[in-house]
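Peer 1: One structure, pasted below without further comment.
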Amino acid sequence: MKKILLILLAFMIGSFNVLAEEDFAPNAKSAILIDSATGEVLFEKNADEKLPPASMTKISSMLIVMEAIDSGKLSLDDKVTISEEAASMGGSQVFLEAGEVYPVSDLLKGVAVASGNDAVVALAEKVAGSEAAFVEMINKRLKELGATNTNFVNPHGLDAENHYSTARDMAIIAKELLKHPKILEYTSIYEEYLTKNNGTKTWLVNTNRLVRFYNGVDGLKTGFTNSAGYCLTATAKKDNFRLISVVMGEETSEKRSADTVKLLNYGFNTFKINVIKKKEEILGKVRVEGGKQDYALVTLKEDATELLKNTEDPTEYQFNLKIDKIKAPVLKGDIVGKAEIVDKEGNIIDEVDLTVKESIQKANIFDLLWRNMKILSAGKILIKD
């Protein structure tokens, strides 16, 4: 029996029941390959070994920034004044100067493309008020995600005591970041210029060369320090199938890329995603109490998918809806019930969240009066007949 795997239900990364025996990351100290939609592990090697992640740390920083943007607390157009602290950062940088002012979008580009330590500190100060407060936000969020073998002491990844992560945790963080697809517009850039306040331009070249040289790669983040070695959390998409790979502790950037290519090739050549039911598809209609409309159309909150080997055929499934009474107001995206996914033998395989196709506002006094008038009118006609 195939195991049904559902987007957004895979909060913690699990293991696919047939892990590869061959080492597809022979040069890495640790590595992992997962399906981005389900979180299923397709390959792993020392995936829980705590290692310095170098600039892959910035994946978590970008996550906090993107969550602030999507929540409305921050805008891509917001202006950020570069502090002395941000401007003084060593390591990889985009050469920001104290007192300069940049929009969030430019700084995010500096982080995603050129791995700018100065840019990420400037963003950290903008979001949280200080670098230290931002790091607290990161660690709190990572615990919520289940990345329990990670602890960061800075937002950039320069070597520091007690700053570590694992390949599995980096995959968890990357999976969460990909829920904010806007970030791929930045991480997929291979080269671009950053216009400085004085009119000069700084050339930004993506440290992830696979963005240019591997079809489908559109992120996410490289890393390198002397203690971490060469690291890379990469993501690639072909058709509707997206993978996330992580390699850590590589000896050279060439071996880092080679192992990542092996992992991605193995994933794409061996597995596929089948969409059982798209989230836009209507599953039924349910009554809404006290709403401007009496009924709401119900859909899946996210696509229901299954991970298959390329040689496997999809299976047919049915959906049984489990919905309690719905009261207005109800917004699109609100969870209003569950859908049981049932196989041909009648076995419940899993459940997925349900939501409404369109938001329904609470009825006001005029809506209720009009509704009662229609009911009375219908009653009079019925009596007359």
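The values are calculated or read from the model by the stated rules, or taken from the named source; none is laboratory data. What you see is a predicted model, and the numbers here were worked out from it, not measured in a lab. So basically every Cβ, Gly included, is an ideal-geometry build from the backbone, and we count neighbours across all protein chains shown.
Peer 1: Testing residue 283 on (1) part of a loop (DSSP other than H, G, I, E, B); (2) more than 22 Å from the chain's Cα centre (by Cα), one condition comes back false. Which one is that?
Peer 2: Status for residue 283: all satisfied but (1).
Peer 1: Still on this model: Among what's in region 173-210 and is of a type in the set (Val, Ile, Thr) and closer than 26 Å to residue 303 by Cβ, pick the residue that is surrounded by the fewest Cβ atoms within 10 Å (Cβ to Cβ).
Peer 2: Selected residue: 183.
Peer 1: Right, here's the next one. Taking residue 96 as meeting all but one of (1) surrounded by fewer than 24 Cβ atoms within 10 Å (Cβ to Cβ); (2) over 21 Å from residue 182 (Cβ atoms), write down the number of the exception.
Peer 2: (1)
Peer 1: Among the residues of region 306-345, what is the count of those that are within 26 Å of residue 290 (Cα to Cα) and not in a strand (DSSP E or B)?
Peer 2: Matching residues across region 306-345 total 10.
Peer 1: Residue 161 versus (1) more than 19 Å from the chain's Cα centre (by Cα); (2) without any contact (Cβ under 8 Å) to a residue 24 or more places away in the chain; (3) under 25 Å from residue 104 (Cα atoms): which is the lone unmet condition?
Peer 2: (3)
Peer 1: Can I ask one more? Can you find, within region 346-363, the residue that is nearest to residue 301 (Cα to Cα) among those that are outside any strand (DSSP E or B) and touching a residue at least 60 places away in the same chain (Cβ under 8 Å)?
Peer 2: As a first pass, look at region 346-363 and keep what is outside any strand (DSSP E or B): 346-347, 357-359, 361, 363.
Within this subset, residues satisfying the condition of being touching a residue at least 60 places away in the same chain (Cβ under 8 Å) are 347, 357-358, 361, 363.
Working: 347: 22, 357: 9, 358: 12, 361: 19, 363: 24 Å.
The extreme case among them is 357.
Peer 1: Between residues in region 103-123 that are within 18 Å of residue 210 (Cα to Cα) and residues that are at pLDDT below 95 and in a helix (DSSP H, G or I), which pairs lie under 9 Å by C-beta distance while being six or more apart or on different chains?
Peer 2: Between residues of region 103-123 that are within 18 Å of residue 210 (Cα to Cα) and residues that are at pLDDT below 95 and in a helix (DSSP H, G or I), there is no close pair.
Peer 1: Then there is this: I want to confirm something. Restricting to region 286-305 and keeping residues that are part of a strand (DSSP E or B), in contact with a Lys or Arg (Cβ under 6 Å, 6 or more places away or on another chain) and at pLDDT below 90, which single residue is nearest to residue 349 (Cα to Cα)?
Peer 2: 304
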